[in-house]
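> Got a structure here, written out as structure tokens. Questions coming.
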Amino acid sequence: MDRFVYLTFDGLSRGLVYAAFALALVLIWRAARIVNFAQGAMAVAAVYVAYSVTNATGSYWLGFVVALLAGLVLGVTVERVVMRFVDHSSPLNGVVVALGLVLIIQGTLGIIYGNEYLPVETPFSRDAFEVGGIAMLSRYDLFVFAAVGTVVVLLSLLFTRTAIGLRMRAAAFAPDVSRLLGVSVGGMLTLGWALAAAVGSLAGMLVVPTELGVHPTAMDVVFVSAFTAAVVGGLDSPIGAVIGGLVVGLLLSYVSGYIDVTVAPMAILTLLVVVLLGKPGGLFSSSKARVA
Amino acid sequence: MSGALLQVEGLTAGYGAAPVLHDVGLTVQPGEIVAVLGANGAGKTTLLRTLSGLVRTTRGRVVFDGAELSGTKVEHLVRRGIAHVPEGRGVVTELTVDENLRLGGLWRRDRADSRKALDEVYELFPPLAQRRTFAGHQLSGGERQMLALGRALVGRPRLLLLDEPSLGLAPKVTGQIMALLRDLRERTGLAVLLVEQNVRSALSIADEGVVLALGRVVARNKASVLRDDADLRHAYLGF
């Protein structure tokens, strides 16, 4: 029982990171109909920026804030300089360009920082509290819960309660109509990329310290899990991304804990196949057919 | 014709190399309803899309309210006082009725009047008021047309570019919409450039008619004259 409790909290904590990362993928998919395969590399770049800032100043929090800002800037840059010029007549074009970006970003980071794992500190202890002799969760897990929870709440408020959010949704669903109503569709697209990249950077900041450290490819495995989470939830659904992230996190934690760590990737693939067979649009896709 | 609200001269435009519109000219006076008529593929929708900048102009001039319109960004059109209700109604089906309507006034600085205009639209279309929280895709065809029209009105335009409002609607609903346009013109002085396949109902409310065939203007006259011109009706309008 205590093992189950521990694995559950561990899974939720990891799952929230996947949720944040999946949310970033969904944000861009909704805005631009592109699966941003460069999300992982972009997030790692932001983590490296934080690494440099923290090393130079000694402040984790300064590095944290700068990483999110770096994510924003990177998102704007990638959209304005690269993605805006991609011909979207075939969905593969965006994917190929994004994969190219991965190589460029990872190569550049490798040149600057070297291709080795650099240790990254956490702002809070990762030792789990014990309640009644059962290891539950750590201060760092609580930090992850709070950070991702805040982002989810802020994003849902942005999209449902503000004029900017309404513009962003309209621009994503019906670009031509939105332009006729005075919405700057290009501006909304840039904003979507910026937000997504910042959320992706947050996910990177949260997950990298819990693994081997920062490395140009540090987010590759996380990307696979988060991508699965986004697809399982339905690429169009922010709620689906969050729930998909939690499901994937829990599944990984239970399978690693009860069976073996090496089986975990197979569990993810099995989940993906089962969901795609049963509900190809994802668990939270709207039933209405959409043209991409 | 210096007082014209919209003046189109020698407009040539299209998709890619082959123009769809050739040397099109027309005028809309303030408070006037002008119907653009013609068969499928005559270039009616392209004409509206060119006026609002969604299709590139290759030659010609469009003057709105004394100032050149070409070169205006599509998203700045509403600020000039032009509302374009596209074919197929253009309701954002994923958004609710209320969100669609608010979208129509987001560009405006005058928040108070935006809200007032929104309330007026709900008064004008009671079915929309009853379905504020419904998503666009849950509405009937007639309700969607009301929503698209209402959303345009929230921006208090001076010129409405209206593309096939009768498409797929029951004759009774079409009649209601036409009556509403006439009523709006009487009350607010709203000018309308109305593209319609339903020639009878369009000519019943229009002051002027412009007949397009293969992208050229083949007739321009008072609506009453066009209604009575049997040869023209047989040749281009099919009744």
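Just so you know, all these numbers are worked out from the coordinates, no wet-lab data involved. Bear in mind that the values here come from a model prediction, so they are computed numbers and not experimental data. Please note: Cβ atoms are built from the backbone with ideal geometry, for glycine as well, and neighbour counts cover all protein chains shown.
> Points 7 angstrom from Cα along the Cβ direction at A:SER125 and B:ALA39: gap in nanometres?
Once both label points are built, they end up 8.5 nm from each other.
> Using the Cβ atoms and a cut-off under 9 Å, what net charge is assigned to the surroundings of A:ALA172, where Lys and Arg are +1 and Asp and Glu are -1? Before the final figure, lay out each step's value.
On the way: positive: A:ARG30, A:ARG33, A:ARG169; negative: B:GLU94.
Charge balance in the 9 Å sphere: +2.
> Under a Cβ-Cβ cut-off of 12 Å, what is the net charge of the residues other than A:SER138 that fall near it, where Lys and Arg count +1 and Asp and Glu count -1?
Value of the local net charge: -2.
> Also: Given axes a ≥ b ≥ c from the Cα gyration tensor, I'd like to know whether the stretch B:99-239 is rounded (a/c under 1.5), prolate (a/b larger than b/c) or oblate.
prolate
> Provide the gained length on full extension for the span B:ASP65 to B:GLU120, in nm with one decimal, where the gain is 0.36 nm per separating residue minus the Cα-Cα distance.
17.2 nm
> Additional query: What is the order of A:ILE104, B:ILE177, fewest Cβ neighbours within 10 Å to most?
Fewest to most other Cβ atoms nearby, the residues stand as A:ILE104, B:ILE177.
> Now a separate question. Give me the inter-chain shielding for A:184-197: mean count of other chain Cβ atoms within 10 Å, whole number please.
Average per residue, whole number: 1.
> Could you tell me how many degrees, from 0 to 90 and to the nearest 10, lie between the Cα long axis of helix B:141-154 and the main elongation axis, the longest principal axis, of the Cα atoms of chain B?
Computed tilt is about 90 degrees.
> Here's a follow-up. Per DSSP H run of n ≥ 4, the term is -39500 (n - 2.57); total these for chain A, divide by its residue number, and report the mean residue ellipticity at 222 nm rounded to 500 deg cm²/dmol.
Helix contribution divided over all residues of chain A: -23000 deg cm²/dmol.
> Would you order A:TRP61, A:TRP193, B:TRP107, A:TRP29 from fewest to most other beta-carbon atoms within 10 Å of each residue's own beta-carbon?
Listed from fewest to most nearby Cβ atoms, that is A:TRP61, B:TRP107, A:TRP29, A:TRP193.
> Based on alpha-carbon centroids, what's the gap between the stretch A:207-275 and the stretch B:82-103 in Å, whole number please?
First find each Cα centre; the distance between them is then 38 Å.
> Still on this structure, I have one more. Can you give the % of DSSP beta bridges in the protein assembly as shown that are antiparallel, to the nearest 5?
Taking every DSSP beta bridge with both residues in the protein assembly as shown, the antiparallel ones total about 60 percent.
> Does the stretch A:62-178 come out rounded, prolate or oblate, given a ≥ b ≥ c as the square roots of the eigenvalues of its C-alpha gyration tensor, rounded meaning a/c under 1.5 and, failing that, prolate meaning a/b above b/c?
oblate
> With both bridge residues required to lie in chain B, what share of the DSSP beta bridges run antiparallel, to the nearest 5%?
Counting only bridges with both partners in chain B, antiparallel ones make up about 55 percent.
> Taking the Cα centre of the protein assembly as shown as origin, work out the dipole magnitude from +1 charges on Lys and Arg Cβ and -1 charges on Asp and Glu Cβ, in debye rounded to 20.
Details: 46 positive and 40 negative charges, 262 e Å.
In total the dipole reaches around 1260 debye.
> A further question on this structure: Pick out which of B:ARG156, B:ARG220, B:ARG59 has the largest mean-square fluctuation in a Gaussian network model of chain B, springs linking Cα atoms closer than 10 Å.
Sorting by GNM fluctuation, first place goes to B:ARG59.
> Beyond a 28 Å Cα-Cα separation, which of these cross-linked pairs lie in this structure: B:LYS44/B:LYS73; B:LYS44/B:LYS172; B:LYS73/B:LYS222?
Table pairs above 28 Å Cα-Cα are B:LYS73/B:LYS222.
> If you don't mind, another one. Classify the stretch B:193-239 as rounded, prolate or oblate from the Cα gyration tensor: take a ≥ b ≥ c as the square roots of its eigenvalues, call it rounded if a/c is under 1.5, otherwise prolate when a/b beats b/c and oblate if not.
rounded
> To check you understand DSSP bridge types, tell me what percent of the beta bridges within the stretch B:104-239 (both residues inside) are antiparallel, rounded to 5.
Once the DSSP bridges in the stretch B:104-239 are tallied, antiparallel ones form about 55 percent.
> How far apart, in nanometres, would the label points at A:LEU142 and B:ALA17 be if each is projected 7 angstrom from Cα along the Cα-to-Cβ direction?
The modelled label-to-label distance comes out at 7.1 nm.
> For chain B, set up a GNM with springs between Cα atoms under 10 Å and report which of B:GLU94, B:GLU208, B:GLU32 has the largest fluctuation.
Among B:GLU94, B:GLU208, B:GLU32, the largest mean-square fluctuation in the Gaussian network model of chain B belongs to B:GLU94.
> For chain B, with the dipole built from +1 on Lys and Arg beta-carbon atoms and -1 on Asp and Glu ones, taken about the Cα centre, which of B:LEU203, B:LEU128, B:ASN221 lies farthest toward the positive end?
Toward the positive end, the furthest listed residue is B:LEU128.
> Cross-link candidates for A:LYS279: which aspartates and glutamates have Cα within less than 19 Å, leaving aside residues fewer than 8 places away along the same chain?
A:ASP236
> Go through A:GLY245, A:ALA174, A:VAL214 and say which Cα lies farthest out towards the positive end of the charge dipole of the stretch A:158-292; charges sit on Cβ, +1 for Lys and Arg, -1 for Asp and Glu.
A:ALA174
> How big is the charge dipole of the stretch A:109-235 about its Cα centre, in debye rounded to the nearest 20, if each Lys and Arg gets +1 on its Cβ and each Asp and Glu gets -1 on its Cβ?
700
> Return the aspartates and glutamates within reach of B:LYS116: Cα separation strictly under 17 angstrom, same-chain partners fewer than 8 residues apart disregarded; answer none if there are no such residues.
Straight-line reach from B:LYS116, under 17 Å: B:ASP98, B:GLU99.
> For the stretch B:4-76 and the stretch B:131-180, write down the distance between their C-alpha centroids in whole Å.
Using only Cα atoms, the two centres lie 22 Å from each other.
> At a 10 Å Cβ-Cβ cut-off, how would you order B:ASP207, B:ASP23, fewest neighbours first?
In order of increasing Cβ crowding within 10 Å: B:ASP23, B:ASP207.
> Under a plain spin-label model, where a point goes 7 Å from the Cα along Cα-to-Cβ, how far apart in nm are A:GLU116 and A:THR162?
Calculated label separation equals 4.3 nm.
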